[in-house]
Amino acid sequence: MSPSRLRGALLGGTALLAGLVFLAWSQPWFTLTLVASSGDPAPLEVRGDVAASALAPLALTVLAIVAALALAGPVLRTVFGVLEALVGASVVAVTIVSLGDPVQASASAVTDVTGVAGSDSVAGLVSGVAVSVWPGTAIVFGILIAITGAFVAVTARRWPVSGRKYSRTRIEPAESAASDPVAEWDALSEGDDPTAPSR
């Protein structure tokens with residue numbers, strides 16, 4: 001693959017992965033079964049924007065890195081590639097923490113519905129948790145972002161230079177009009193010096 005195509009593929013792929021992280025963040029992650037006062041269980045759907053709210057700023061960071069990579073030089077591209085890999089690892093870490101304790105990750109949603117606060121009190125209201133596919137897909141997207149970032153860092157020096165194209169304009173003095181002997185004599189007869197610089 002040519003350097004320019006490699007650059008385009010990595011930038012496009014990174015932007016796409018950031019969009020997919022946003023998609024996962026906006027989808028239902030957990031369905032909690034709450035013990036209602038009547039004794040009948042009540043389901044509560046919790047989306048990724050509650051269970052893993054940090055994914056949105058992480059995805060925005062990835063998009064900012066894409067914009068920076070499009071303008072940066074070889075050294076900064078390597079730095080941004082490493083940063084992208086770290087952000088991808090952060091996406092994975094945030095999702096794993098949420099999956100490790102879905103009830104705690106969903107506590108704010110439970111409090112909004114029931115008015116009950118506190119880790120132990122909220123946990124006492126939850127009798128079951130169902131996990132959707134979206135946390136798993138967020139982990140996959142985070143891993144792919146990390147791999148892409150590492151690949152950017154390794155291949156950054158092969159990318160074509162993405163600088164501004166400066167137009168080189170030569171400024172040349174305007175050529176003086178061809179000397180006219182008749183006009184010079186006429187000027188002399190009128191008292192003007194034709195060799196003097198014009199004002």
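The values are calculated or read from the model by the stated rules, or taken from the named source; none is laboratory data. Quick caveat, the model's predicted, so the values are computed rather than measured. Cβ coordinates were reconstructed from backbone atoms using ideal geometry, including for glycine residues, and neighbour counts include every protein chain displayed. Protein only, heavy atoms only, side chains kept; ligands, DNA and RNA dropped before computing areas. Shrake-Rupley method; radii C 1.70, N 1.55, O 1.52, S 1.80 Å.
Residue by residue, here is whether (1) more than 30 Å from residue 78 (Cα to Cα); (2) at pLDDT below 80 holds:
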{"position": "97", "(1), (2)": "no, no"}
{"position": "101", "(1), (2)": "yes, no"}
{"position": "123", "(1), (2)": "yes, yes"}
{"position": "149", "(1), (2)": "no, no"}
{"position": "160", "(1), (2)": "no, yes"}
{"position": "166", "(1), (2)": "no, yes"}
{"position": "177", "(1), (2)": "yes, yes"}
{"position": "182", "(1), (2)": "yes, yes"}
Open item on the list: Just checking, does region 43-50 include any residue being within 19 Å of the chain's Cα centre (by Cα) and either surrounded by fewer than 18 Cβ atoms within 10 Å (Cβ to Cβ) or within 13 Å of residue 142 (Cα to Cα) (or both)?
Closed with: yes
TODO: Out of 94, 79, report the one residue that is surrounded by fewer than 19 Cβ atoms within 10 Å (Cβ to Cβ) and within 24 Å of the chain's Cα centre (by Cα).
DONE: 79
TODO: Would you be able to tell me the number of residues in region 47-74 that are outside any helix (DSSP H, G or I) and more than 16 Å from residue 96 (Cα to Cα)?
DONE: 2
Task: Subset of region 75-101 (residues that are part of a helix (DSSP H, G or I) and acidic (Asp, Glu)) - done: 84
Open item on the list: Looking at 109, 68 in this structure, which one is within 26 Å of residue 148 (Cβ to Cβ), surrounded by 13 or more Cβ atoms within 10 Å (Cβ to Cβ) and either in contact with a strand residue (DSSP E or B) (Cβ under 7 Å, 6 or more places away or on another chain) or hydrophobic (A, V, I, L, M, F, W, C) (or both)?
Closed with: 68
TODO: Sort out which residues of region 116-150 are outside any helix (DSSP H, G or I), open to solvent by 60 Å² or more (accessible area, probe 1.4 Å) and either farther than 14 Å from residue 30 by Cβ or in contact (Cβ under 8 Å) with a residue 60 or more places away in the chain (or both), and write them in order of number.
DONE: 117, 127, 129, 131
